[in-house]
Amino acid sequence: MIASKAIAFVTALVTAATVLASALLATVLVAAPANANTIDATPVPTPVTVDEAPTEIEPEPEQNPDQTIPSSCRGYTIMGEKSLWDSGLVIDPVSKQQIFIGNPINWRTNPTQSRSWPIYLHGLAWARGYVDDFLKTGNQDSLNKAIEIARSHDANVTKPSRAYQEAWSDHPVSLRLTTLACIAAVTLLPNDLQKMMGQLARWQMDDKNYFRRHNHGLMQNMSLVRSGCQQAEQSWVNTAWRRMKDDFEFAVNASGVNNEQATGYAFFNWRAWEEALNEIEKCDLASIPPETREEFNRRLALLADFNAHATQPDGQMVPIGDTLVNRIGITDRTQLPTTAIYQDGYAFGRSSWQDPNAMHWSVRFGPKRKNHGHDDHLAVTYFADGTRVLIDGAHAGYDRNSDRAYLISKAAHNTPVVTGANAAIAYEPGTSQLTSSYTDEARTVVTVRDKQPKKQKKPLRTRTVVVDYPSKTLVTFDRAAGPTKKGTKPATISVPWAFAPDFIVTGDQVGRVSAAHSNLERAEKTPTLHAFDPRDCQPLSIELSNGKAAFGWRQLVETPRAVINGTQVLSIISPDAATVQCVVSNGTATLTVTDESGQTTSFFVDAVNGLR
C-alpha cells in the first residue's frame, strides 16, 4: 500500500498551555551555625544538554518542520547521518559515542554494555534517515538500504528469544514498528516486511507485552496508531485508543501531576501525550469525543504548568527522580502563581518569574517510589542568584550498578535520616504526606511527614520548610519520633545538605558553613548554612564531607556535603554571607537573619506552632 494516507503520524512534540497552582499561608523560624573544615569541590565545566535517557528517541520539536516528510520518518537525526551509517557507524543517542555495528550488521553489538543502547539498535530509527534521504534526493539506493536494514533485523532477530531478549521488549518493538511505517509511507512494503509489520503489531496488541500506565506503553500505542491508520488496520488503532483512554487518568491526574515521579519524564509525557492525541485526530479510523478531548486538554494544560513550576530561573528543570541535570524546561508561563503545592507529592516556589536571579525551591513527598522515582521523600532543593546551591543527586543512567543504587537512595538527597537506636527499623516507610501548607506573597510554609505503615510502628520524620521570598531565605525544622511501649519519644536524626559541585564549602565557626562559588565571575555572593537546636538556640555542629551527584550520562562528580545531627534541627540557608541570631524567650525561639545589606528577617519556632 503506497503512502497516500501516511502523511503525518507523530514524533516531533508540541506545546500545551494554561493554569494551576496550589498554596495557602505562613511564617518561619531559623537558627545560626558554623564549623571549621574545608572541602574543595573540583570545578566542573558547563554541562552539555543531553536528551533524556532511553525513552527519548524522538528529537525536540522543530521550529518549522518539513510537512512533506511523514512524521513517522522523523527521530533519526540524533543517531548520526548517512555518511556515518554507510561506514557502519551509528551514534548512540545517550552516550553520543559512535558505535560500529558492522556491515553486515552485528545485531548483538553493545560495546558499552548499556541498558539503553539496545533500545536504539533494535528500534532501527537510523534507517528512517535513509528514507529521508530518498525523499530529498530521489536516491533509490537509500530507500533500498532502509529496506535492507529492516530485512536484516527480521532475518536475524525474527522471534522473541533469550539471545535477543532486549530486542523484544516494549520500547524497541514500538520504535521498530514506527520505522516500518516510515518505509511504508513512501513505497509499497515488500511482502516480507508486510509480514514483519503485522508480527510487530500483533506482539504489541498482546496485553502481556503492554507496559501500561507508562511512557513506554504510550510509545507502543503511538506506533500502533501510525501503522494502523496507514495500513487501514482498524483493530490496531482501536487497541491503541482503548489503552490510551484507560491509561491517561493515571498518567496525568486531575491536578496535572504525571505518575512517573521524575520532572524530566513529566516534561516528556506532556509532549508525547499532546502528539499522541493529534495522531488519533488525524486518523480516519478513530475519533475523540469532544468531552474527552476537553478533559485531556485540561489535564495536559495543568501538566504544562507543573513543568513550568519545576523549571528553575536558569531555564533548566530541577532534577527530581530520573532527570538529567541539564533538562530544559518551560519558561513562558510567567502568569502563574509563584508557588504551587501538589497533594500528590511536590511543592515548588520562586521569588519571581521575571528575575533571572530569583530563588527557586522544591520539596518532595507523596506515594511510595515507582517508575522513575527516587527515595527522596522530604528532600529539598534550593536555587538562588543564577545557580544551584542545594542539589538533588539527579540521574546518570539506567545501568544496574552502585552508582545508580546510590543516586536512587536517600544518601543522594537532602532528606533527614533517623540514626541511633532506631536506625535499624527506620527505613523510609515509602509514603509521606503533606500535613499543612500556607502561602502569601512573602512566605510559604510547608510541613510534610512520613506516613505510618499499617503492619509495623516505625520512627516518623517530620520536616517543616519555611521560605521567605524577599530575603530568599529557606529554613527547615526537622524532627523524628520513635515508637515505645508507652507511646513515642524523640529519635536522633542526621540532616544532610548537598551543595552543588561548583562550590567550595568551609566552616568558620560552630553552627555555620559558607559556600564560595569556584567560578570567580559567580562568586559575588557566598551562600551560608546555619544550624541550631530550637529548644535552647545552641548552635549545632556541622560536619563536612563529600557526596556524589550526577553530572551527565554515566558521569558522577564529587559534591561538598554538610551534615547536622540532633533530635531537633533547624537549618537556615541564605543566599549570601548572612548572620543569624537565635534567642529563646518564653518557650519561643526567635531567629533574626541579617543579610549583607543589613536587612533583617525574623522566624519563630515553638512546641505548639512549630516553625513559622
Using just the C-alpha positions of segment 270-329 as equal point scatterers, what log10 of I(q)/I(0) does the Debye formula give at each q in 0.17, 0.18 1/Å?
-0.67, -0.71
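Run the numbers for residue 355 and residue 567: contour at 0.36 nm per residue of separation, minus the present Cα-Cα distance, in nm.
Numbers: separation 212, 0.36 × 212 = 76.32 nm, distance 3.77 nm.
Answer, rounded to one decimal: 72.5 nm.
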Residue among 238, 559, 139 farthest towards the positive dipole end of the chain, charges placed on Cβ
238
Please name which of 225, 466, 378 has its Cα lying farthest along the dipole of the chain towards the positive end, using unit charges on Cβ (Lys, Arg +1; Asp, Glu -1) and the Cα centre as origin.
378
Estimated distance in nm for a label pair at residue 335 and residue 402, the labels positioned 7 Å out from Cα along Cα-to-Cβ:
5.2 nm
Only Lys, Arg, Asp and Glu count, each charged at its Cβ (+1, +1, -1, -1), so figure out the dipole size of the chain about its Cα centre, rounded to 20 debye.
2320 debye
Once normalised by the length of segment 150-227, the mean sequence separation of its alpha carbon contacts under 8 Å that are 6 or more apart gives a contact order in percent of 40 percent
With Cα atoms, 0 to 90° folded angle of helix 191-205 axis to the chain main axis
30 degrees
Could you work out how far helix 140-156 tilts from the main Cα principal axis of the chain, as a 0 to 90 degree angle to the nearest 10?
70 degrees
Given the candidates 605, 125, 277, the one whose Cα lies deepest towards the positive end of the charge dipole of the chain, counting +1 at each Lys or Arg C-beta and -1 at each Asp or Glu C-beta, is 605
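What Kirkwood radius, in Å to one decimal, follows from the Cα pairs of the chain?
Numbers: mean 1/r = 0.0389 Å⁻¹.
About 25.7 Å, per the Kirkwood formula over Cα pairs.
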Cα centroid separation, segment 152-217 to segment 298-343 (Å)
34 Å
Could I have the simple spin-label model distance between residue 98 and residue 519, label points 7 Å from Cα toward Cβ, reported in nm to one decimal?
3.1 nm
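List the relative contact order of the chain as a percent without decimals, with contacts defined as Cα pairs under 8 Å and 6+ residues apart.
Values: 1510 pairs, mean separation 115.4, N = 612.
Computed over the chain, the figure is 19 percent.
With r defined as the distance between the Cβ atoms of residue 510 and residue 419 and R0 fixed at 22 Å, what FRET efficiency is calculated, to the nearest 0.05? Spell out each step's value before the answer.
Details: r = 20 Å, r/R0 = 0.91.
Step by step, r from the Cβ atoms, then E = 0.65.
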Percent of accessible area on segment 560-612 owned by carbon and sulfur, 1.4 Å probe?
45 percent
Gain in length, residue 158 to residue 195, computed as 0.36 nm per residue apart minus the alpha-carbon separation, to one decimal in nm?
12.2 nm
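Over 25 Å apart: what share of the alpha carbon pairs of segment 236-348 falls there, rounded to a whole percent? Intermediate results must be reported in sequence, preceding the final value.
Numbers: 1565 of 6328 pairs.
When all Cα pairs of segment 236-348 are counted, 25 percent exceed 25 Å.
Can you pick out the pairs among 368/457; 159/245; 368/410 whose Cα atoms lie more than 25 Å from each other? Don't skip to the answer; put the middle values down first.
Details: 368/457 17 Å; 159/245 30 Å; 368/410 13 Å.
Pairs exceeding the cut-off: 159/245.
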Return one number: the angle in degrees, 0 to 90 and rounded to the nearest 10, between the long axis of the Cα atoms of helix 127-137 and the longest principal axis of the Cα atoms of the chain.
60 degrees
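How much length is gained on full extension from residue 165 to residue 588, taking 0.36 nm per residue of separation minus their Cα-Cα distance? Walk me through the numbers on the way to the answer.
On the way: separation 423, 0.36 × 423 = 152.28 nm, distance 6.26 nm.
Between residue 165 and residue 588, full extension yields 146.0 nm more.
The values are calculated or read from the model by the stated rules, or taken from the named source; none is laboratory data. Quantities reported herein were computed from a predicted structural model and do not represent experimental measurements. For neighbour counting, all protein chains shown are included, and Cβ atoms are generated from backbone atoms with ideal geometry for every residue, glycine included. Side chains are part of the model used for accessible areas, which takes the heavy atoms of the whole protein and leaves out ligands, DNA and RNA. Shrake-Rupley method; radii C 1.70, N 1.55, O 1.52, S 1.80 Å.
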